Amino acid sequence: MIEGLHEGNKTIDESKQGEVTLLDSTKGGNKKLYLESYGCQMNFSDSEVVASILSKEGYETVSQSSEADVVLLNTCSIRDNAEQRVRTRLKQFKNAKKERPNLVVGVLGCMAERLKKKLLDQEKLVDLVAGPDAYRDLPGLISEVEGGQKAVNVLLSREETYADISPVRLDKNGVTAFISIMRGCDNMCSFCVVPFTRGRERSRDPQSIVQEAKELYDNGYREVTLLGQNVDSYRWNMSSKGRIKDESKPTVNFAELLEMVAQVAPDLRIRFSTSHPKDMTDDVLHAMAKYDNICKYIHLPVQSGNTEMLKKMNRGYSREWYMNRIEAIHRIIPGCAISTDIITGFCGETDEQHNETISLMKEVKYDFAYMFKYSERPRTLAERKYEDDVPDEVKKARLQEIIQLQQQHSAESNKRQLGKTFEVLIEGVSKKSDDDLCGRNTHNTMVVFPKGDYQKGQYVKVKVTDCTSATLLGEVVDEEKVLTTA
Ligand code: SAM
Ligand code: SF4
């Protein structure tokens, strides 16, 4: 599977699953916290909020669960295998408790809401369960457990955005950071559990977003990624029907928010994820074209190339609508990189319908794609309404087919960059060699080049001389014109 092949923004990055939060800034705390995270970038961002809340209570983060007073797992429910992985981990901690009965074990995030009763009462795997909107309550919940009770808060809120909590940064490179601009989702795609686990969509105060971007810039960060399940439906002081809530205050939509953040500093790069094809307006594309520091890269999940499937998925667009959005991207931002998410083997998908996904991929030629086989999730519309009737072998074979096709397209896309020069923001030393540095170009492709005297956080112009399927290789040049869009 190409989950995380391209070290992307929000979609699940396989190499990060189970990553431990470890922060120098919490050193010297009198209590020890072991915090492990799963799932999408949004969850990792939430772990920063959790670490911030608990560090104020005197918690120091540790790298070994054996040293911890409190173990927290920030979990994901998006596919069944994500949940199974966490369950295995919880069983290990349950065993550890036999020797250390005072150890507090808690589940946070998407599985919390879904499995609270099972995890607490039936399987007795954990002491504490806190949903994505209950993190402010964590110190209280931990005290309850220390007092001998089980503690649970999975209430979903219509308002909580943690706008006032300055997250302690997990991004170790000190150059790129994520900013959550909204929480929850109102879309109800029929396959998706997110609206049930993370609640209603709500947007965060734009001033607090701009403030956070400014603080990051002042602390040396040079790239921020704005995160939301559907960033195009970001709105401030407006109802979903467009009604202004408070006439005395300005309204802000996503295109306007992008401009506000782009104006923080010309050398602060802006990325965002995820765009939704049904809501992505030309205004957003024009804002991207207007500012050099808004990266020319759009993650636009299609899920399927067949209109009937899309209808069943409740995605709110047809194949034609989607292709019209692709055409608008090419027209307004020539050369913009595009990536996508695709699901194979959704309920009732025929060979013909699968072939339409293939033909759409051939038409669009995505630069990257995250591909999954359909995994039925409890409570979703699809679980209630449709039969999960595509045999697993068929789902897997279709997945394999699209992965191979995408690998071809990604390789072709990288080859097209040979000889071009890009501006690259240096993120640090390359994973493969200490003599090389790496960073991304505007299209979000990793570029590796010899170290020279360059430092992370600097922008350099790199001429591409070679490539692998996922990385561009090159050397720093001075004079050549930088290509930001082609
Ligand atoms: N909000 C984003 C959107 O609408 O595109 C995506 C959020 S979801 C965390 C990331 C991706 O996981 C989805 O785009 C979809 O391809 C995949 N996904 C979600 N539910 C799934 C399921 N039940 N089975 C397989 N893949 C799923
Ligand atoms: Fe899930 Fe659809 Fe919302 Fe994305 S837009 S989080 S796929 S319900």
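The values are calculated or read from the model by the stated rules, or taken from the named source; none is laboratory data. On a predicted model such as this, the values are computed, not experimentally measured, just so you know. Cβ sites come from the backbone with ideal geometry, for glycine too, and all protein chains shown count toward neighbours.
Points worth noting:
- Test: residue in segment 168-183 that is within 16 Å of ligand 1 (Cβ to nearest atom), among the basic types (Lys, Arg) and either within 26 Å of SER239 (Cβ to Cβ) or in contact with a strand residue (DSSP E or B) (Cβ under 7 Å, 6 or more places away or on another chain) (or both): yes
- Per the listing ARG222, ARG198, the residue uniquely under 19 Å from the mean Cα position of the chain (by Cα), among the charged types (D, E, K, R), closer than 30 Å to VAL20 by Cβ and within 16 Å of ligand 1 (Cβ to nearest atom) is ARG198.
- Residues that are among the hydroxyl-bearing types (Ser, Thr, Tyr) and surrounded by fewer than 24 Cβ atoms within 10 Å (Cβ to Cβ) within segment 46-60 comprise SER52, SER55, listed in sequence order.
- Number of positions in segment 175-225 that are within 13 Å of ligand 2 (Cβ to nearest atom), surrounded by fewer than 20 Cβ atoms within 10 Å (Cβ to Cβ) and of a type in the set (Lys, Arg): 1
- Segment 380-396: number of residues that are away from ligand 1 (no atom under 13 Å from the Cβ) and in a helix (DSSP H, G or I): 4
- Residues of segment 346-364 that turn out to be more than 15 Å from ARG319 (Cα to Cα) and either within 16 Å of ligand 2 (Cβ to nearest atom) or of a type in the set (Lys, Arg) (or both), as a count: 2
- Residue satisfying all of: in segment 346-379; near ligand 1 (Cβ under 8 Å from one of its atoms) and among the hydroxyl-bearing types (Ser, Thr, Tyr); nearest to GLN407 (Cα to Cα) among these: TYR370
- Where strands (runs of 3 or more DSSP E) sit wholly within segment 264-379, those with at least 2 residues that are among the small types (Gly, Ala, Ser) and modelled with pLDDT of 95 or more occupy 337-344.
- In segment 329-346, the residues that are within 19 Å of ASN230 (Cα to Cα) reach residues that are basic (Lys, Arg) with C-beta atoms within less than 9 angstrom, at least six apart or across chains, in these pairs: ALA337/LYS296; ILE338/LYS365; ILE343/LYS373.
Residue-wise test of (1) farther than 30 Å from ALA262 by Cβ; (2) within 16 Å of ligand 2 (Cβ to nearest atom).
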site: ASP283; (1), (2): no, no
site: GLY305; (1), (2): yes, no
site: GLU376; (1), (2): yes, yes
site: ARG379; (1), (2): yes, yes
site: ALA382; (1), (2): yes, yes
site: GLU387; (1), (2): yes, no
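- Of all residues in segment 426-467, those satisfying the criterion of being in a loop (DSSP other than H, G, I, E, B), in contact (Cβ under 8 Å) with a residue 24 or more places away in the chain and loosely packed, with under 14 Cβ neighbours inside 10 Å are GLY452, GLN455.
- Test for VAL284: is it within 16 Å of ligand 1 (Cβ to nearest atom), in contact with a helix residue (DSSP H, G or I) (Cβ under 8 Å, 6 or more places away or on another chain), more than 30 Å from ASP218 (Cβ to Cβ) and in contact (Cβ under 8 Å) with a residue 24 or more places away in the chain: no
- Residue, surrounded by the most Cβ atoms within 10 Å (Cβ to Cβ), within segment 319-345, restricted to residues that are over 18 Å from ILE402 (Cβ atoms) and within 16 Å of ligand 2 (Cβ to nearest atom): ARG325
- Unique match (being more than 16 Å from ligand 1 (Cβ to nearest atom), touching a strand residue (DSSP E or B) at 6+ places or on another chain (Cβ under 8 Å) and not small (Gly, Ala, Ser)) among ARG269, ARG315: ARG269
- Hits in segment 401-415 (condition: free of Cβ contacts under 8 Å to residues at least 60 places away in the same chain and of a type in the set (Val, Ile, Thr)): none
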